[in-house]
1. If you scan segment 34-75, which residues turn out to be surrounded by 17 or more Cβ atoms within 10 Å (Cβ to Cβ) and within 17 Å of Ser133 (Cβ to Cβ)?
2. Quick check on this structure: which one of Gly410, Gly396, Gly390 is on the phi > 0 side of the Ramachandran plot, in contact with a Lys or Arg (Cβ under 8 Å, 6 or more places away or on another chain) and either modelled with pLDDT under 85 or not assigned by TED's automatic domain parsing to the domain that holds Phe241 (or both)?
3. I need a count of the residues in segment 23-32 that are modelled with pLDDT of 75 or more and surrounded by 12 or more Cβ atoms within 10 Å (Cβ to Cβ).
4. Any chance you could count how many residues in segment 238-261 are in contact (Cβ under 8 Å) with a residue 60 or more places away in the chain and either among the small types (Gly, Ala, Ser) or under 24 Å from Gly369 (Cβ atoms) (or both)?
5. Under 21 Å from Ala243 (Cα atoms), modelled with pLDDT of 70 or more and touching a strand residue (DSSP E or B) at 6+ places or on another chain (Cβ under 9 Å): does that describe Val371?
6. Go through the residues of segment 28-50 one by one and say whether even a single one is part of a helix (DSSP H, G or I) and farther than 22 Å from Leu86 by Cα.
7. Scanning for something under 30 Å from Lys162 (Cβ atoms) and not aromatic (Phe, Trp, Tyr), does segment 7-30 turn up at least one residue?
Amino acid sequence: MDRRARFGLIFGVLLIVVAVVAFGSMTLRTDYQVLFAELAPQDASTMVAELDQMKVPYRLVGSGNTILVPADLVYKTRLKLAGKELPLRGAVGFELFNNSEVGMTEFAQKINYQRALQGELTRTISALDEVQSVRVHLVLAEQALFKKTGTQPKASITIAVKPGKNLDSAQIQGIQRLVGAAVPDIKPNDVTILDQHGIALTKKSPEAGQEMISSSSGLDEKRAIEAYLNKKVLEVLDKTFGAGQGIASIDVTLNHEQKKTTTESPLAADSKYEGQPTGVIVKDKQTANETSRGNKSETTNNPVSGDVTQSSREVEYQVGRKVEQVISSAGAVNHVNIAVVVRHAMQPAQLEKLKELLAAAVGIDKSRGDVIAVYTVEQISNAASAPATGDVVPAGRELLIEERIANPSGKAVEDVASHGFVFKNDYVILILAGLAGFFLFVLVIRLTRRPVQVRNLSDDDRRRLLAQVRDWLENARTSPLERN
C-alpha cells in the first residue's frame, strides 16, 4: 500500500469516527425543554439563583429570558418553584410578613403592608394575557386614633402591554374595580392607569372630576358594535351558503353627545264636569247678602216683596306640577351601513330576499338612514369589466376576488410548493451522517484496493520472453502426430 492509499484510509477512518461520535451524541444527549419563557431580567435572576440552590441543571437561551431544564424535570421543578412563593415580577406579596421581626416599628409595618399590597396587585394584573409588566403605586390614607386626615387614598398603575396587544375599555374598568375592591377606602374612579408610553388610559371628567375611560373607548365601542353585527351577518351567510362563501363589512356611526331633556306640565285633579279638569280645592268662600227695599206700590192689586238676596262664592284651586327628565346616554347608534358580497350567483329576486333577511337580522332602520348593499362576485366582475367604464380588468382579477371571499380572514393564499417539506433538525443530521458514512466507506474501499502494477522488463527478460514465444509458435506449426 503506497502513501496515498494509506492517507486516504486514515482520513476515511477519521471521518467515520467523527460521524459515529456525532450520531452517538445526538442519540444520547439530554433533551432540554422550556421551564419558563419571556421572563423579566429580575425574574430570570431569581429563578437562576433558586435553580442553583436546588442543583437542577439548566440552560439559558433567548438573551437569558428563557430557561431550559431536562425534560424529565420540567413539571417537578415548576411545581417546586411555584410553592416557594418567589418574589417574581420585581414585587413581593404578603409573604413579606412570614418572617417579620418582633421589634418592627409601626412605620416599618405600614411600609411593608403597602409594599405587600402593591405586590399582590401587580401579580394579579400581570396575570392578564395582554400585560407584559406592571407597576402599582398606592397612596394610603393615614389612620390614627385621635387624628382625622382628609387624604383620599389613590392609586396609579403603569401597564406595559405585549407587542401587538392592547387593553380595551372593559379591561381598564375591570382593573379599576379590582384596585377599588382590594384597597380600603379607595374608589375605582380614583385609579389612574397609564400605558408604557405615558399616555393616560383614563381621563378626568371636567364636570364630576372623576376618572373615566379615555376617548379611545368611543372607538372601542364602535369596534365592538361593528364586530357584533358582523358576527350576526356572517352567521346568516355561513348557515345559508356555507362557511367562507360570503364576506361582510359594517360601519356604525355613533352619537357621543349626552342629552338631558326636562319636561314640566301642570297636573290637575278631576272635576265633576266631564272633560274639565280642575285643581285641588284649597279655599272655598261663599258670601250671601239680604237687603230690604219696601213696597213698590200700595195701590196695586199685586204688591211686590221688598227683600232682595245677593250671594257670591270664591273658590281657590291648587294645581300640581309634573316634572319629567329624560337623559339620553352617549353612544346611541345614528347610522348603520352594511356591505355584503356572496360568492354564489343569485337572481335579483333572491338578492332582495337575502337583503331583507340580513336587514332583519341586524336591525336596519331605514328611517334613520341605514343602508344595506348585497352583491354577488359575478355582478362585481361584470361591472368591473363593462366597456362603458373604459377600465381594463387585469387577468386574474376574478380569481383574486374569489380567493379573498374564500379566505375571509384577509390572509393571502400561500403557495404550498414554496414551503416544501419540513424536517426536524435531528432527522436531517442523521440522514446526512448516514450518507457521509456511506460515501466514506466507498472511498476507503477504492483507495485500499491494490492496483495492478506494470513492471518494466530488462534486456535479459525480454530475450527470454521472445525465445519462449518463438518456441510456442514452432510447436504450433507441428501436428499432433509429429509430437507423438
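1. The answer is Phe36, Leu39, Asp43, Ala44, Thr46, Met47.
2. Gly410
3. Taking segment 23-32 as the starting set, the residues that turn out to be modelled with pLDDT of 75 or more are 31-32.
Checking which are surrounded by 12 or more Cβ atoms within 10 Å (Cβ to Cβ) leaves us with 32.
Of the residues in segment 23-32, 1 are modelled with pLDDT of 75 or more and surrounded by 12 or more Cβ atoms within 10 Å (Cβ to Cβ).
4. 16
5. Working: under 21 Å from Ala243 (Cα atoms): no; modelled with pLDDT of 70 or more: yes; touching a strand residue (DSSP E or B) at 6+ places or on another chain (Cβ under 9 Å): yes.
Spelling it out, it is not the case that Val371 is under 21 Å from Ala243 (Cα atoms), modelled with pLDDT of 70 or more and touching a strand residue (DSSP E or B) at 6+ places or on another chain (Cβ under 9 Å).
6. Going through segment 28-50, the residues part of a helix (DSSP H, G or I) turn out to be 28, 41-50.
From what's left, farther than 22 Å from Leu86 by Cα: 28.
Among the residues of segment 28-50, at least one is part of a helix (DSSP H, G or I) and farther than 22 Å from Leu86 by Cα, which makes the answer yes.
7. Just the residues of segment 7-30 that are under 30 Å from Lys162 (Cβ atoms), to begin with: none.
No, the conditions are met nowhere in segment 7-30.
The values are calculated or read from the model by the stated rules, or taken from the named source; none is laboratory data. Keep in mind it's a predicted model, so treat the numbers as computed, not measured. Positions of Cβ are generated from backbone atoms using ideal geometry, with glycine treated the same way; all protein chains shown enter the neighbour counts.
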